[in-house]
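J.: Just passing along the structure, written as structure tokens.
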Amino acid sequence: MSARSDGPVGSDIELDVTNVAHGGVFVARHEGRVVFVSDAIPGERVLARITEARHGSFWRADTVEVLSASEHRRPHVWSAASVDRDPAQRAGGAEFGHIDLDHQRTLKATVISDALARMAKLELAPVVEPAPGDEVPGEHASSGKTPGIGWRTRVRLQVAEDGTVGPYSARSHRVIAVEDLPLATAAVAAAAPLRSSFPGATSVDVIGPSTGGELVFPNEPKRASAARPHVIRERVGEREFELDARGFWQVHHQAAGVLTDAVQDAVDDALFDPSAANLDLYGGVGLLAAAVGDRFGRTTKITSVESAANATDFAARNLAEWIGAAAVTDRVERYIARTAAQASARERGRQSAATVVLDPPRSGAGKSVVGSLLTLEPAQIVYVACDPVAFARDVALFAAGGYEVRALRAFDLFPHTHHVEVVARLTR
């Protein structure tokens, strides 16, 4: 392919890749313009095809040929996503699969550090820790095992108009037929109906709970809201949690245990008051509220707040043994704003002694929730984040109200993807 420099969508250009950006893409420049390019590694020179050219702004491009490879480049863990395929036919969902696993974690640490420096003016250098079983390649050199695969307990396959199932290609709604799912657990991969047809469905969920067998749910638009809960049980250590199979649960088979331990470790004993108005915000089915209760005893007072009524019902069951626990169905921003506005002087005291576990969606907590929490002035906030940029943005908001990051850990709960989990403690 010949390199061209005129820049319209569809043209090929040579790029020197210099850094990693949030979102699973990498940074290069072409004639002074920033180009976000996929399937590359910092330090490489690649031939890339422009897919988006915003006038006066950045471009997006896909690598079509590696001209000078990084020492960290490896054969892709998923052949369906390899750079050897046409970019339009590459499966999405494993955008770091061409990078050796240890270097993936280095790049994820860079994204976290860059976000905190840029948005919160913090200079922190976290080490991204693997989940148990996801060791670095060197530890498996003699075993032949590919590290960092076989961890997904939940997979959503998309359905094309003709009924074909598969993942979307990256940044598109084009369904790609695939032969395997290497990131899925062996049981989920075996249950996935990759060669079946589902006309009329929009997607197919394949779920592998830690207890019981695998489940396959075709999703049809007219039936989605009327679907009855299908109760499953997930085991975390010695404890079991009930939930709807279609409800939220951590995807990595070790993630619930990792986050339970991390939250327990993040809470500062000296600041914890079991009789305070402790909160678990965006609490889901009660996983992290249970982590706090297990550490500090069954009389610990903690209220789990979640907007999904179905999840709150399960949270009430899962937290039943803690006599001080409660589960509330409400939007977090509304609940916190009301709590801050209506608190009596006595309640203010219990709120200022509180520990708040904050586990927002990928978009972060945002100004409204952070502002209300600043009004409550809790003793400590344990923030569980699945998006480093949203986390850094919220950290900056907390900093403006006098809260600083006192402890920070990062976990690679999504190997071979760009996603990373952060657990931090913030105090005044």
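Computed from the coordinates by the stated procedures, all read-outs in this text should not be read as laboratory data. This structure is a prediction, so every number in the text was calculated from the model and none was measured. Every residue, glycine as well, gets a Cβ built from its backbone with ideal geometry; the counts of neighbours run over all protein chains shown.
J.: Give the cross-link partners of K108 among the aspartates and glutamates, using a straight C-alpha distance below 14 Å as the criterion and excluding same-chain residues fewer than 8 apart.
T.: Leaving aside aspartates and glutamates fewer than 8 places away in the same chain, those within reach of K108 are E95, D100, E129, D387, D412, E421.
J.: Stretch D273-S363 to full length: gain in nm at 0.36 nm per residue minus the Cα-Cα span?
T.: 29.4 nm
J.: Continuing with the same structure: Using only the alpha-carbon atoms, how far is helix 287-296 inclined from the longest principal axis of the chain? Give it as 0 to 90 degrees, nearest 10.
T.: 50
J.: Same structure again: Take every Cα-Cα distance within the range 154-230, group them into 10 Å bins from 0 onward, and report for each bin the whole-number percent of pairs it holds.
T.: 20, 50, 29, 2
J.: Sticking with this structure for a sec: Hey, with R₀ at 45 Å, roughly what FRET efficiency would A190 and S352 work out to, going by the Cβ-Cβ distance, to 0.05? Could you put the intermediate results ahead of the total?
T.: On the way: r = 52 Å, r/R0 = 1.16.
Once the sixth-power term is evaluated, E becomes 0.30.
J.: Continuing with the same structure: From the square roots a ≥ b ≥ c of the eigenvalues of the alpha-carbon gyration tensor of the range 299-428, which class results: rounded (a/c under 1.5), prolate (a/b over b/c), or oblate?
T.: Because a/c hits 1.5 or more and a/b fails to exceed b/c, the range 299-428 counts as oblate.
J.: Still on this structure: Could you work out how far helix 388-400 tilts from the main Cα principal axis of the chain, as a 0 to 90 degree angle to the nearest 10?
T.: 40
J.: So, one more: Suppose only helical runs count, i.e. DSSP H with n ≥ 4. What mean residue ellipticity at 222 nm does that imply for the chain under -39500 (n - 2.57) per run, divided by all residues and rounded to the nearest 500 deg cm²/dmol?
T.: -7000 deg cm²/dmol
J.: Stretch E123-T299 to full length: gain in nm at 0.36 nm per residue minus the Cα-Cα span?
T.: Extending this stretch completely gives an extra 59.5 nm.
J.: Could you calculate the FRET efficiency of E214 with D265 from 1/(1 + (r/R0)^6), where r is the beta carbon distance between them and R0 is 35 Å, rounded to 0.05?
T.: 0.60
J.: Which listed residue (A125, H103, A53) has the Cα farthest towards the positive end of the charge dipole for the range 1-135, taking +1 on Lys and Arg C-beta and -1 on Asp and Glu C-beta about the Cα centre?
T.: A53
J.: For the chain, modelled as a Gaussian network with Cα springs under 10 Å, which listed residue fluctuates most, A177, A270, A337?
T.: Among A177, A270, A337, the largest mean-square fluctuation in the Gaussian network model of the chain belongs to A270.
J.: Using 0.36 nm per residue of separation minus the Cα-Cα distance, give me the extension gain between D86 and S344 in nm, one decimal.
T.: On the way: separation 258, 0.36 × 258 = 92.88 nm, distance 6.28 nm.
Extra length available between D86 and S344 comes to 86.6 nm.
J.: What does the convex hull of the Cα atoms of the range 6-131 come to per residue, in Å³, rounded to a whole number?
T.: Output value, Cα hull per residue: 117 Å³.
J.: If you don't mind, another one. Helix 309-318 versus the longest principal axis of the chain: what angle, 0 to 90°, nearest 10, using Cα atoms?
T.: Roughly 60 degrees between the two axes.
J.: Separate question: Pull up the DSSP beta bridges for the chain and report the antiparallel fraction as a percent, rounded to 5.
T.: Among the beta bridges of the chain, antiparallel pairing accounts for roughly 70 percent.
J.: Considering the convex hull of the alpha carbon atoms of the chain, report its projected area averaged over all viewing directions, in nm², one decimal.
T.: 22.3
J.: Rg(Cα) of the range 12-73 divided by 2.2 N^0.38 Å?
T.: Computed over Cα atoms of the range 12-73, the ratio equals 0.99.
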